[in-house]
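Below: one structure, written as structure tokens.
Derivation of every value follows stated rules applied to the coordinates shown; laboratory data play no part. Just so it is clear, the structure is predicted and the values come from calculations on it, not from any experiment. Virtual Cβ from ideal backbone geometry, glycine too; neighbours counted across all protein chains shown.
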Amino acid sequence: MITPTAPAVPTAAKPKLAVYKFSSCDGCQLQLLNLEDQLLDLVGAVEIAYFLEARRRELPPPYDIGLVEGSVSTPEEEERIQHVRRDCKYLVTIGACATSGGIQALRNWANIDEFVGHVYAQPEHVSTLETATPIAAHVFVDFELRGCPVNQLQVAELLSALLVGRKPNIPTHSLCIECKRRGLPCVLVSDNQPCLGPITQAGCGALCPAVGRACYGCFGPMEQPNMASLGSWFTSRLGYSPRKMKQMLRLFNGYLEPFKQASDHYERLDARK
């Protein structure tokens with residue numbers, strides 16, 4: 001459950017906002033810019049002190065609120081996140097990379113030297129960690145906003161809540177609730193599609209089921225997901241093999257518990273064959 005862990009941001013002066021990028025594609029930062037009219041309200045409420053995606057001016061720390069996109073994937077990032085934590089009163093991770101390690105965390109189950117050797121002509125010049133990990137694996141995080149990309153309206157809600165000192169209204173129930181509210185037919189039951197909606201946290205507005213496609217878990221696991229029950233449905237009714245189950249769970253949020261536990265379980269089952 002997401003709950004505030006520090007007093008409300010002072011209102012005597014404009015709170016200072018910083019936005020940081022670690023290993024990522026910049027998509028979650030672009031979602032901030034996509035706030036459009038709400039972004040103008042945000043600019044009026046806070047001082048954007050550090051946001052290289054949006055402006056060149058940098059104001060020195062400390063900052064009241066820090067938003068972090070991306071995972072920790074290099075030694076430099078491992079050190080830098082410690083400085084970011086010290087500079088920010090509130091630290092908020094935005095998007096799958098920052099909250100779970102992201103798609104680059106797929107290398108955590110592989111040999112990093114092989115990855116680097118296939119991608120770079122001179123791998124000896126590349127400095128990287130063996131794993132890509134979420135920000136919370138390195139420092140304390142006050143709030144997490146899931147998604148690939150993050151829902152910009154959730155970002156606006158969380159910032160608004162911080163500014164007035166209230167608890168943010170961020171859903172943690174399953175995507176199925178969003179489907180029911182929109183009156184969408186269940187693609188798992190009616191079409192036998194491998195939908196991860198029953199175990200995925202709401203936040204996208206049921207974007208994929210709304211166009212007849214199965215959810216693939218871009219907002220990560222909901223609160224207390226019943227992985228075993230859904231896995232049993234996929235294997236017994238849809239005929240999914242352990243290998244296919246593992247591949248399905250190892251996507252944007254594959255390194256986030258309990259997706260990781262479940263995928264590791266299916267990997268062990270696959271190895272027994």
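Structure above, values below:
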read-out	value
Protection proxy ranking, peptides 115-124, 153-162, average beta carbon neighbours within 10 Å, highest first	153-162, 115-124
Simple label model, 7 Å out from Cα along Cβ direction - Leu30 to Arg85, nm	3.1 nm
Prolate/oblate/rounded call for the chain, Cα gyration tensor, a/c under 1.5 rounded	oblate
Label zone at Val189 (point 7 Å along Cα-to-Cβ), backbone N below 18 Å, the range 228-260	229-234, 237-238
Pair Ser236, Val211: separation of 7 Å Cα→Cβ label points (nm)	3.4 nm
Backbone N under 20 Å from the Glu58 label point (7 Å along Cα→Cβ), restricted to the range 73-117	73-92
At R0 = 25 Å, FRET efficiency that the Cβ-Cβ distance of Asn226 and Arg272 yields, to 0.05	0.60
Net lengthening on full extension, Phe140/Glu47 (0.36 nm per residue, minus Cα-Cα)	31.1 nm
Neighbour-count ranking [beta-carbon atoms within 10 angstrom, fewest first] of Cys25, Cys88	Cys25, Cys88
Net lengthening on full extension, Val119/Arg243 (0.36 nm per residue, minus Cα-Cα)	42.1 nm
Under 24 Å, Cα to Cα: Lys pairs in the chain, sequence gap 8 or more or different chains	11
Table column - 3J(HN,Hα) (Hz), the range 215-228, Karplus curve with 6.51, -1.76, 1.60, x for Gly and Pro	5, 10, x, 6, 9, x, x, 6, 5, 6, x, 8, 5, 5
Cβ-based exposure ranking for Glu178, Glu53, in which fewest neighbours within 10 Å come first	Glu53, Glu178
5 angstrom amide H check on Tyr20, placed H, neighbours 5+ away	Leu67, Val68, Glu69
C-alpha center-to-center spacing [the range 175-215, the range 221-272] in angstrom	18 Å
Electrostatic dipole magnitude of the chain [Cβ: Lys, Arg +1; Asp, Glu -1; Cα centre; debye, to 20]	840 debye
Relative exposure of Arg146, Arg181, judged by other C-beta atoms within 10 Å (fewest first)	Arg181, Arg146
